[in-house]
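Asks: Handing you a structure now.
The values are calculated or read from the model by the stated rules, or taken from the named source; none is laboratory data. Treat the numbers as computed from the prediction; the structure is a model and nothing was measured. Neighbour counts are summed over all protein chains in view; Cβ atoms, including those assigned to glycine, are modelled from backbone coordinates with ideal geometry. Note: accessible area is taken over every heavy atom of the protein model, side chains too, but ligands, DNA and RNA are not part of it. Shrake-Rupley method; radii C 1.70, N 1.55, O 1.52, S 1.80 Å.
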Amino acid sequence: MDIKNLTENYKNDIGALIQTPIQKASFEAFSKRGLPHTRMEDWLYTKTHDILPENFKLVDEKGLLKSVKVAGKYQIVFLNGQYSKTDSFFPEEITVEIKELEKDLTDKEDIFAQLNNSVNSETLEIVVPKNFKADDTITIVHLSSFEGKFAAPKINIRLERFAQANFVELFKGDQNKAYNNIAVTTFELLDGAHAKHIKVQEEGNMAFHVGSLYAYIKKDANFKSFTFNTGANKARHNLHIFLQEKGAQASVDGLYTLKGSQHCDNFSFIKHEVEHTESSQLFKGVLDGSSRGAFTGKVYVDRDAQQVNSEQLNKNLLLTKKAKVDTRPQLEVYADDVKCAHGATVGQMSDEEAFYLQSRGLSRERAQKLLIHAFCSETLLKIEDDKIEEYLSDVLFESFEKEAFEQIDNQGSEA
């Protein structure tokens with residue numbers, strides 16, 4: 001079905017769910033833009049008509065908690081898009097509760113965020129109190145076990161002044177079910193707060209995943225974002241970062257490892273609203289089979305945002321001739337006293353590096369494995385947390401490296 005007819009179907013399906021002014025405004029924004037298509041500049045590389053179901057139906061089936069490995073001793077659980085209080089445990093100082101959605105922190109141009117807002121009158125609000133420092137990582141677990149419908153989890157995380165907490169947001173689901181996940185997570189970091197948000201997308205191999213992350217960063221606050229994509233048939237990650245007061249800092253990094261016919265599109269927007277703010281961005285992709293990746297990153301510097309430092313880099317490693325990547329790092333700078341840089345690379349495995357390792361006694365297969373792992377590990381080090389890095393290394397091996405390395409071994413035995 002084409003996008004125009006899909007949009008009309010979704011408008012008819014969602015209209016009956018509208019209850020609040022925020023839902024109404026979001027529904028109007030969605031209706032104005034419609035579902036995304038490749039004639040839209042920010043969806044240039046990603047089709048959606050070939051994976052979206054004909055109708056929009058929210059999942060109403062209850063999910064069951066399955067055993068999953070988490071990054072720390074705390075967990076907040078969503079089952080089929082719904083918060084499960086009985087399966088969640090976290091520091092008693094942190095407040096976690098379902099609240100009426102009182103303000104919309106998303107961009108009206110963010111189509112799937114507006115879809116999420118249209119069907120949600122509530123959000124899960126997580127508040128980390130002033131001066132509190134969480135003693136371990138909190139994993140937000142999203143488990144999906146439904147077919148054909150949509151889950152639309154919505155989370156707002158607020159860190160009060162000088163609070164510190166690390167969050168890993170994990171998305172997993174049944175491998176052989178074609179479900180859809182449209183998630184929105186927002187962060188508000190008040191003065192001096194520090195937060196890390198590591199998103200791990202391990203959805204089932206038939207799933208469609210769209211996640212939007214918003215972060216609003218105040219004076220001397222520090223936000224680290226890391227997006228790790230290794231699952232789903234097709235995925236899109238929208239990242240919107242706003243550096244709003246002096247001393248605000250953000251590190252926005254990611255790794256996407258794709259195989260088969262997987263498709264992943266990363267779209268980021270980092271806005272420096274005031275002077276003396278800093279941002280950095282490193283996204284890496286490793287693509288195998290006939291997979292396709294896309295990266296669009298824009299850094300926007302306001303006219304009065306002097307003394308800004310910003311750097312952005314996207315690097316991609318193609319393991320086959322059929323793999324493809326599109327990359328668009330962008331700068332839009334209106335201030336004149338700034339340090340801003342951006343770049344992108346796309347290439348295959350270096351024969352020179354492999355030859356060097358072979359000259360030190362390694363087989364070609366072993367050299368290729370080391371080069372792939374080293375390429376990925378550079379981004380993991382940006383997290384600056386040994387426990388989380390080890391957790392992601394295990395996910396990386398099980399979800400991507402294990403199969404990729406087996407193919408390298410097979411190719412070596414056939415040569």
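Asks: In this structure, is TYR74 in contact with a Pro (Cβ under 8 Å, 6 or more places away or on another chain), open to solvent by 30 Å² or more (accessible area, probe 1.4 Å) and of a type outside the set (S, T, N, Q)? Steps first, answer last, please.
Replies: Details: in contact with a Pro (Cβ under 8 Å, 6 or more places away or on another chain): yes; open to solvent by 30 Å² or more (accessible area, probe 1.4 Å): yes; of a type outside the set (S, T, N, Q): yes.
So TYR74 passes the test.
Asks: Listed residues GLU202, GLU188, GLU245; which is surrounded by fewer than 23 Cβ atoms within 10 Å (Cβ to Cβ) and in contact with a helix residue (DSSP H, G or I) (Cβ under 7 Å, 6 or more places away or on another chain)? Write out each step before concluding.
Replies: Details: GLU188 fails: in contact with a helix residue (DSSP H, G or I) (Cβ under 7 Å, 6 or more places away or on another chain); GLU245 fails: in contact with a helix residue (DSSP H, G or I) (Cβ under 7 Å, 6 or more places away or on another chain).
Going through GLU202, GLU188, GLU245 in turn, the sole match is GLU202.
Asks: I would also like to ask the following. Just the residues that are touching a residue at least 60 places away in the same chain (Cβ under 8 Å), more than 12 Å from THR123 (Cα to Cα) and not small (Gly, Ala, Ser), please, taken from segment 149-158.
Replies: LYS149, PHE150
Asks: Looking at segment 224-279 only, could you name the residues that are among the hydroxyl-bearing types (Ser, Thr, Tyr) and closer than 17 Å to LEU318 by Cα? Steps first, answer last, please.
Replies: Let us first name the residues in segment 224-279 that are among the hydroxyl-bearing types (Ser, Thr, Tyr), namely 225, 227, 230, 251, 256-257, 261, 268, 277, 279.
The answer is THR230, TYR256, THR257, SER261.
Asks: Which is part of a strand (DSSP E or B) and either surrounded by fewer than 24 Cβ atoms within 10 Å (Cβ to Cβ) or not acidic (Asp, Glu) (or both), of HIS240, HIS276? Give the derivation first.
Replies: Numbers: HIS276 fails: part of a strand (DSSP E or B).
Exactly one residue qualifies, and that residue is HIS240.
Asks: A further question on this structure: Does segment 99-118 hold any residues that are surrounded by fewer than 23 Cβ atoms within 10 Å (Cβ to Cβ) and among the acidic types (Asp, Glu), and which are they?
Replies: Kept after step one, since they are surrounded by fewer than 23 Cβ atoms within 10 Å (Cβ to Cβ), are these residues of segment 99-118: 99-109.
Passing the criteria: GLU100, GLU102, ASP104, ASP107, GLU109.
Asks: Right, ASN266: part of a strand (DSSP E or B), touching a His at 6+ places or on another chain (Cβ under 6 Å) and crowded, with 21+ Cβ neighbours inside 10 Å or not?
Replies: Numbers: part of a strand (DSSP E or B): yes; touching a His at 6+ places or on another chain (Cβ under 6 Å): yes; crowded, with 21+ Cβ neighbours inside 10 Å: yes.
Spelling it out, ASN266 is indeed part of a strand (DSSP E or B), touching a His at 6+ places or on another chain (Cβ under 6 Å) and crowded, with 21+ Cβ neighbours inside 10 Å.
Asks: Another question about this same structure. Search segment 153-165 for residues being buried (at least 23 other Cβ atoms within 10 Å of the Cβ) and within 16 Å of the chain's Cα centre (by Cα), and hand back the single one that is nearest to LYS73 (Cα to Cα). Quick ask: steps written out before the conclusion?
Replies: First, pick out the residues of segment 153-165 that are buried (at least 23 other Cβ atoms within 10 Å of the Cβ): 153-154, 157, 159, 163, 165.
This time we only want the ones that are within 16 Å of the chain's Cα centre (by Cα), so: 153-154, 157.
Details: PRO153: 22, LYS154: 23, ILE157: 19 Å.
Looking at residues that are buried (at least 23 other Cβ atoms within 10 Å of the Cβ) and within 16 Å of the chain's Cα centre (by Cα), I get ILE157.
Asks: Let me spell it out: the conditions are (1) charged (D, E, K, R); (2) more than 21 Å from ASP174 (Cα to Cα); (3) open to solvent by less than 80 Å² (accessible area, probe 1.4 Å); (4) not in a strand (DSSP E or B), and ARG39 meets all of them except one. Which number is the exception?
Replies: Evaluating ARG39 over (1) charged (D, E, K, R); (2) more than 21 Å from ASP174 (Cα to Cα); (3) open to solvent by less than 80 Å² (accessible area, probe 1.4 Å); (4) not in a strand (DSSP E or B) leaves (3) as the failure.
Asks: Go through segment 50-76 residue by residue and tally those that are closer than 30 Å to ASP386 by Cβ and assigned to a loop (DSSP other than H, G, I, E, B).
Replies: Step one: of segment 50-76, the residues closer than 30 Å to ASP386 by Cβ are 65-76.
Add one more test, that the residue is assigned to a loop (DSSP other than H, G, I, E, B), and what stays is 65-73.
Counting residues in segment 50-76 that are closer than 30 Å to ASP386 by Cβ and assigned to a loop (DSSP other than H, G, I, E, B) gives 9.
Asks: Filter segment 224-237 for residues that are buried (at least 21 other Cβ atoms within 10 Å of the Cβ) and of a type in the set (S, T, N, Q) and give the result.
Replies: Hits for segment 224-237 are SER225, THR227, ASN229, THR230.
Asks: Which members of segment 1-21 meet the condition of being surrounded by fewer than 19 Cβ atoms within 10 Å (Cβ to Cβ) and in contact (Cβ under 8 Å) with a residue 60 or more places away in the chain?
Replies: Selection gives LEU17, ILE18, GLN19, THR20.
Asks: Given the criteria out of contact with any Asp or Glu (no Cβ under 8 Å at 6 or more places or on another chain), within 23 Å of ASN180 (Cα to Cα), open to solvent by less than 40 Å² (accessible area, probe 1.4 Å) and of a type in the set (Ser, Thr, Tyr), does SER26 qualify?
Replies: Values: out of contact with any Asp or Glu (no Cβ under 8 Å at 6 or more places or on another chain): no; within 23 Å of ASN180 (Cα to Cα): yes; open to solvent by less than 40 Å² (accessible area, probe 1.4 Å): yes; of a type in the set (Ser, Thr, Tyr): yes.
No: the conditions fail for SER26.
Asks: Of all residues in segment 77-98 being farther than 16 Å from ALA183 by Cα and in a loop (DSSP other than H, G, I, E, B), which is most open to solvent (accessible area, probe 1.4 Å)?
Replies: Ranking the qualifying residues of segment 77-98, first place goes to GLU92.
Asks: While we're on this one: Under the condition of being under 17 Å from VAL252 (Cβ atoms) and among the hydroxyl-bearing types (Ser, Thr, Tyr), which residue from segment 308-347 is surrounded by the most Cβ atoms within 10 Å (Cβ to Cβ)?
Replies: The qualifying residue surrounded by the most Cβ atoms within 10 Å (Cβ to Cβ) is SER310.
Asks: Scan segment 205-218 for residues that are out of contact with any Leu (no Cβ under 8 Å at 6 or more places or on another chain) and either at positive phi or open to solvent by 10 Å² or more (accessible area, probe 1.4 Å) (or both) and report the count.
Replies: 2
Asks: Look through segment 13-45, keep the residues that are within 14 Å of ASN116 (Cβ to Cβ) and among the polar types (S, T, N, Q), and return whichever of them is farthest from the chain's Cα centre (by Cα).
Replies: THR20
Asks: Here's something else I'd like to know. Identify, please: which residue in segment 271-291 is under 14 Å from the mean Cα position of the chain (by Cα) and touching a residue at least 40 places away in the same chain (Cβ under 8 Å) and is, among those, farthest from LYS218 (Cα to Cα)?
Replies: GLY285
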